[in-house]
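See structure below.
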Ligand SMILES: [Zn+2]
Ligand SMILES: [Zn+2]
């Protein structure tokens with residue numbers, strides 16, 4: 001396997017069903033060459049390895065022949081059928097090696113699948129995860145492609161990642177356009193006064209969503225009472241009347257035409273909804289206080305629509321609709337998002353789908369009787385002053401800690417140990433003085449300073465110089481200690497490369513340790529082999545850590561060795577465990593070298 | 001707090017809440033006398049108040065039995081010198097300190113035994129945080145608060161939970177805790193408090209120059225810290241050790257109720273008494289069975 005090429009007899013198949021062309025497959029570090037036995041046959045192949053993205057193969061023991069499927073970066077694939085599985089495995093390992101190498105150059109992740117048949121979707125997902133997470137990709141390359149962990153083992157510890165990714169698949173929904181429906185401008189034919197509105201199901205859905213009364217009218221009138229065309233004509237007539245702001249004319253026309261009146265009147269569904277919403281407003285909100293902010297009625301204030309100032313008239317309130325109402329309603333609908341997702345061809349379907357989705361959502365959370373009680377509860381919640389309330393009577397057992405000193409000893413002992421101060425020294429000699437004595441000596445100190453004033457000078461110049469000198473010295477000696485940000489971590493002071501190497505060492509060590517400890521107790525020869533593999537991989541990390549230490553300038557070395565020390569300790573602990581259990585195994589069951597318990 | 005004149009606060013205006021260790025047992029055994037200490041510290045307070053007119057110093061005495069506010073520069077506005085010996089505010093601080101010590105003594109119950117007892121650090125730290133919270137709520141204009149602990153007494157392990165809670169709450173409200181340890185050993189609490197909150201911890205080597213240390217390190221306002229080099233610890237090892245044997249461990253069992261750490265599986269948590277479910281041996285044998293089946 002160490003050689004730079006492999007040659008096997010195989011059949012080259014363009015598809016799975018293709019019976020295949022017999023010939024010789026030769027793989028070098030750069031290329032894949034297939035030469036058919038019959039020189040006239042067309043199946044000759046000469047592909048560079050850098051185009052190969054991944055490989056799949058059939059599993060020994062499955063009823064499929066030994067097939068190796070190499071996928072290239074254009075989603076094409078080359079299938080080879082071997083004479084036996086050992087040939088297949090040789091080729092698979094070779095491809096794995098080459099891909100691992102080439103992966104260092106091109107950042108395309110490669111996924112190899114020994115011992116596992118995966119669906120295309122699962123494979124896609126894994127590749128996607130690797131592509132999105134460079135750290136994961138690095139680990140994968142480092143351990144899976146080098147054979148320390150199998151593909152299955154690697155992913156077994158990340159099942160959650162795979163699951164979550166899968167469930168996240170619900171795709172983003174398209175929202176409503178932010179343009180207002182009233183902005184739909186008709187086209188004219190240029191000769192007559194006739195205008196034409198182009199209504200798409202999209203626009204209709206938006207109209208229905210923003211104007212529930214129109215939606216209801218459509219469901220009741222069309223097509224039994226009036227035709228759809230007629231319905232929309234009346235709708236736009238009403239819109240036109242609104243835009244003229246002539247509420248007297250609007251009132252007059254509405255009196256004559258029942259259906260037109262529906263469009264001209266205030267939307268009663270919206271109005272009742274608004275009333276319901278007001279009931280749910282935070283009860284502590286003082287809406288009257290905000291009223292003073294409304295100055296639209298003052299001269300030179302107000303909203304202009306289509307170049308005309310919107311006037312507030314007192315008569316014919318019923319037929320008046322302000323722009324702010326329209327904008328607010330539109331904004332609310334856009335923010336709500338569309339509940340109806342499918343593409344619709346005709347208006348009837350749109351109307352019914354919307355009605356259906358509304359029924360569903362109202363079934364979910366609408367029992368009006370509850371709202372008043374809910375409101376009272378909210379009110380008491382909002383006005384409650386937390387500090388004055390008793391505990392919430394949660395069904396929890398109170399935490400009772402017998403001796404908090406344990407926490408101190410557990411954690412802080414180390415802190416003191418490393419800072420170089422003997423912990424044992426805490427047992428200071430107790431002063432021989434009694435309580436009154438110590439207090440009175442303290443009070444004497446105060447009286448003396450009161451009488452004498454501050455010491456003069458407070459610090460002797462030479463002492464001040466010494467202190468200043470020592471401080472400056474220690475600061476400049478640890479100049480790597482200094483960053484702009486006092487919160488900056490030790491890592492940030494190291495060269496970028498060292499920092500990355502250290503972080504990566506940690507993640508690789510953690511990955512190995514996770515698998516290592518999870519393999520105990522060893523119950524099968526499989527786990528036995530896995531532990532051996534992991535132990536070898538862990539041993540290989542020691543020289544790498546030494547190398548990192550050696551690569552930094554001497555003044556940073558201490559910092560780096562502090563960071564590396566816990567890594568050594570974690571590895572040492574694992575290897576110690578490994579050796580101890582090996583010893584136990586050999587003494588216990590010498591006749592079972594394979595590691596069965 | 002007297003209402004400060006409504007001036008715009010610059011980013012270098014500081015509120016320094018100083019926790020002053022007044023544990024008489026510590027001071028009776030310290031190489032630095034309490035009067036010398038006060039001399040350095042009072043001069044330091046004066047210096048801070050002179051650095052910026054809007055700076056504020058609040059002093060809380062950390063006693064042996066109690067804690068109390070003993071000084072607030074916002075209410076002691078007299079900055080004149082009393083017969084040339086020291087500022088009036090310093091003598092009012094000393095006055096309050098004396099009264100505090102008398103009260104603290106009255107609260108004593110019996111002689112402490114064994115080693116020097118710790119002072120009530122958790123109490124003064126909580127008082128400092130309460131004061132700072134009040135300042136935060138006083139409106140948009142307030143000085144940048146920080147806490148400075150001047151401590152010499154040894155740590156009180158029995159205060160662990162309270163102190164750590166205070167440290168974390170300081171961390172959450174972004175209040176750095178600076179600490180200057182003047183005792184014989186170092187204090188793990190102070191190191192951790194400064195480390196977690198992004199403050200500075202220092203243990204002066206030469207206590208005769210305490211004032212110089214205070215001025216060089218602890219007078220630096222938070223804004224200036226972004227470009228001034230201050231001493232930094234080499235790193236603190238916060239690795240855990242087990243509660244049962246005090247051994248440093250890499251892996252262990254953690255009580256899910258109180259977060260105690262054990263090196264071995266126990267039936268019951270020795271700290272909080274919670275009973276741990278499912279014996280380990282059962283779990284192990286169940287997983288053994290599972291593992292044996294695939295036999296790859
Ligand atoms: Zn233990
Ligand atoms: Zn517990």
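The values are calculated or read from the model by the stated rules, or taken from the named source; none is laboratory data. Predicted model, so just to flag it, every value in this text is computed and none were measured. Counting neighbours? That spans all protein chains shown, and the Cβs are built from the backbone with ideal geometry, glycine included.
The table below lists the values:
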| read-out | value |
| --- | --- |
| Every residue from region B:163-185 that is closer than 25 Å to residue A:403 by Cα and at the interface with chain A (Cβ under 8 Å from one of its Cβ atoms) | B:164, B:185 |
| Residues of region A:19-59 classified as touching a strand residue (DSSP E or B) at 6+ places or on another chain (Cβ under 8 Å) and part of a loop (DSSP other than H, G, I, E, B), total | 11 |
| Unmet requirement for residue A:502, which otherwise passes all of (1) over 30 Å from residue B:228 (Cα atoms); (2) modelled with pLDDT of 85 or more; (3) surrounded by 15 or more Cβ atoms within 10 Å (Cβ to Cβ) | (1) |
| Failed item, numbered, when residue A:484 is tested on (1) more than 8 Å from chain B (Cβ to nearest Cβ); (2) surrounded by fewer than 14 Cβ atoms within 10 Å (Cβ to Cβ); (3) at pLDDT below 90 | (1) |
| Test set (1) crowded, with 18+ Cβ neighbours inside 10 Å; (2) within 16 Å of ligand 1 (Cβ to nearest atom) - residue B:200 fails condition number | (2) |
| When residues of region A:213-261 are limited to those that are under 26 Å from residue A:359 (Cβ atoms) and part of a loop (DSSP other than H, G, I, E, B), the one nearest to the chain's Cα centre (by Cα) | A:222 |
| Matching option when the condition is at negative phi, part of a strand (DSSP E or B) and touching a residue at least 24 places away in the same chain (Cβ under 8 Å), among B:38, B:20 | B:20 |
| Residue list for region B:232-289, restricted to those being over 30 Å from residue A:493 (Cβ atoms) and modelled with pLDDT under 70 | B:278, B:279, B:280, B:281, B:282, B:283, B:284, B:285, B:286, B:287, B:288, B:289 |
| Residues of region B:197-228 satisfying the condition of being at pLDDT below 90 and in a helix (DSSP H, G or I) | B:224, B:225, B:226 |
| Test set (1) assigned to a helix (DSSP H, G or I); (2) more than 15 Å from residue A:467 (Cα to Cα) - residue B:175 fails condition number | (1) |
| Members of region B:260-278 that are within 8 Å of chain A (Cβ to nearest Cβ) and within 15 Å of ligand 1 (Cβ to nearest atom) | B:260, B:261, B:270, B:271 |
| Residues of region A:64-75 that turn out to be assigned to a loop (DSSP other than H, G, I, E, B) and over 18 Å from residue A:20 (Cα atoms), as a count | 3 |
| Condition broken by residue B:251, with the remaining ones in (1) within 9 Å of chain A (Cβ to nearest Cβ); (2) surrounded by fewer than 19 Cβ atoms within 10 Å (Cβ to Cβ); (3) within 18 Å of the chain's Cα centre (by Cα) satisfied | (3) |
| Condition check for residue B:191: surrounded by 23 or more Cβ atoms within 10 Å (Cβ to Cβ) and more than 16 Å from ligand 2 (Cβ to nearest atom) | yes |
| Matching residues in region B:92-120 - criterion: being at the interface with chain A (Cβ under 8 Å from one of its Cβ atoms), at pLDDT below 85 and at negative phi | B:108, B:111, B:112, B:113, B:115, B:116 |
| Complete set of residues in region B:187-213 that are facing chain A (nearest Cβ under 8 Å) and under 13 Å from the mean Cα position of the chain (by Cα) | B:188, B:189, B:191, B:192, B:198, B:200 |
| Test: residue in region A:569-591 that is over 19 Å from residue B:250 (Cα atoms), within 12 Å of chain B (Cβ to nearest Cβ) and part of a helix (DSSP H, G or I) | no |
| Of all residues in region B:153-162 being surrounded by fewer than 24 Cβ atoms within 10 Å (Cβ to Cβ) and more than 7 Å from chain A (Cβ to nearest Cβ), the one that is nearest to residue B:26 (Cα to Cα) | B:156 |
